[in-house]
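K.L.:
Before we start, here is the structure in question, set down as structure tokens.
The values are calculated or read from the model by the stated rules, or taken from the named source; none is laboratory data. This one's a predicted model, so the numbers in the text were calculated from it and none came from an experiment. Using ideal geometry, Cβ is built from the backbone for each residue, glycine included, and neighbour counts are taken over all protein chains shown. To get the accessible areas, we keep the full protein, side chains included, count just its heavy atoms, and leave off ligands, DNA and RNA. Shrake-Rupley method; radii C 1.70, N 1.55, O 1.52, S 1.80 Å.
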Amino acid sequence: MKKLIFILFFACNSMLASAQSLTMLWKTDTLLRVPESVLLDSKNNVLYVSCIDGKSGEKDGKGYIAKVSPDGKIITNEWVSGLDAPKGLGLYKNNLYVADLTRVVTIDITTGKITSSVEVEGAQFLNDVTVDSKGNVYISDSNTGKITRLANGKAELFFESKDFTRINGLLALKDGLRVADFGSGAFYNLSWDKKLGKVTDVAAGSDGIVMTGKNEFIISCWAGEVYFVAADGKVTKLLDTKDQKVNSADVDYNSKSKTLYVPTFFANSVVAYTFNR
């Protein structure tokens, strides 16, 4: 009897440990040209999508921002155009911030007009964007291993570390930044007093970070994987579309509807999934 109880206990724990999963809701038309990042604007009920439409490291003026409805309909494919290689997106009040290779572009979401363009000194490959509660903007540079802070229209170095092999995802929280390293797959906590500590290892190609609960996260990996990181650091794979050659770039998450939005890069679409707990 004791043996049977132990087996049942182990089986139940195993089921609970692997309970997280993703269920596909919808996919946009394949009109979004190389979508890299998606950002939910819950106030205005819209998704912003950065589309590179070219090579990710070239200043070619082909890049643009699209607007997509929360049910997957493309509202405006080229809402804001004339960008180079737009990637990460951040939102604060009426300002949409875009990492555009070597500069940070600010767009007024009310008018759809570019209101400022700030070149980051020494920047080579600006990638992800996050905004803290005060409106300070943080941008990762995958080529240099640096995090830049944009405050009051001025860009300055916030942090750099040799531990970063190819820094990518950023997420601003009350206690600091969460950082995903594309090269090593390491997931870090960077406190506001600039102390860097590893949370866990996810997978090489780590890209976007979203929070799903207290100390719980979903991290996308560019090649086509999505992972759940539990509060204890345990990592569970939720999605793997590598064989289909469908990427998983910089994601966003609607905590109310438990919907994960995944830009598919070369597959030219955004896919939405329900996150099952």
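K.L.:
Based on Cα positions only, what radius of gyration and what Dmax would you give for the stretch 61-118, in angstroms?
P.N.:
Considering the stretch 61-118 through its Cα atoms, Rg and Dmax are 11.1, 33 Å.
K.L.:
A follow-up question, please. What ranking do 191-201, 214-224, 235-245 get when scored by the average of other Cβ atoms within 10 Å per residue, highest first? It would help to have the intermediate numbers written out before the result.
P.N.:
Numbers: 191-201: 12.4, 214-224: 20.8, 235-245: 14.5.
Final packing ranking: 214-224, 235-245, 191-201.
K.L.:
Going by average Cβ neighbours within 10 Å, how do the peptides 82-94, 103-115 rank, with the highest at the top? Numbers along the way, then the final one.
P.N.:
On the way: 82-94: 21.6, 103-115: 16.5.
My ranking of the peptides, most packed first, is 82-94, 103-115.
K.L.:
Find which of 81, 20, 180 sits farthest along the positive direction of the dipole of the chain, computed with +1 on the beta-carbon of Lys and Arg, -1 on that of Asp and Glu, about the Cα centre.
P.N.:
20
K.L.:
Place a +1 charge on the Cβ of each Lys and Arg in the chain and a -1 charge on the Cβ of each Asp and Glu, then give the dipole magnitude about the Cα centre in debye, rounded to the nearest 20. Don't jump to the answer; show the numbers that get you there.
P.N.:
Numbers: 33 positive and 31 negative charges, 170 e Å.
For the chain, the charge dipole is close to 820 debye.
K.L.:
Turning to a different aspect of this structure: May I ask which of 198/234; 62/154; 195/237 have a Cα-Cα span longer than 21 Å here?
P.N.:
Working: 198/234 13 Å; 62/154 26 Å; 195/237 28 Å.
In this structure, 62/154; 195/237 exceed 21 Å between Cα atoms.
K.L.:
What are the extents of the Cα atoms of the chain along their three principal axes, listed from largest to smallest and rounded to whole Å?
P.N.:
71, 42, 33
K.L.:
With every protein chain present, what accessible area does residue 156 have (1.4 Å probe, heavy atoms only), rounded to the nearest 10 Å²?
P.N.:
Surface open to solvent at residue 156 totals about 90 Å².
K.L.:
Carbon-plus-sulfur fraction of the accessible area of the chain, 1.4 Å probe, in percent? Walk me through the intermediate numbers first.
P.N.:
Numbers: 6630 of 12950 Å².
Roughly 51 percent, rounded to a whole number.
K.L.:
Quick one: P(r) of the stretch 123-277 from all Cα-Cα pairs, 10 Å bins, percents rounded to integers, in order of increasing distance.
P.N.:
Result returned by the calculation: 12, 43, 36, 10, 0.
K.L.:
How long is the gain from residue 94 to residue 193 if the chain were fully straight, where each residue apart is worth 0.36 nm and the alpha carbon distance is subtracted?
P.N.:
Additional length available on full extension: 32.8 nm.
K.L.:
So, one more: Divide, for the stretch 120-182, the radius of gyration over alpha carbons by 2.2 N^0.38 Å, where N is the residue count.
P.N.:
Numbers: Rg = 10.7 Å, N = 63, 2.2 N^0.38 = 10.6 Å.
In units of the globular-protein estimate, the stretch 120-182 measures up at 1.01.
K.L.:
Right, another one. Of the peptides 256-267, 137-148, how do they stack up when ordered by the mean number of other Cβ atoms within 10 Å, highest first? Mind showing how you got there, number by number?
P.N.:
Working: 256-267: 20.6, 137-148: 23.0.
Result, highest mean first: 137-148, 256-267.
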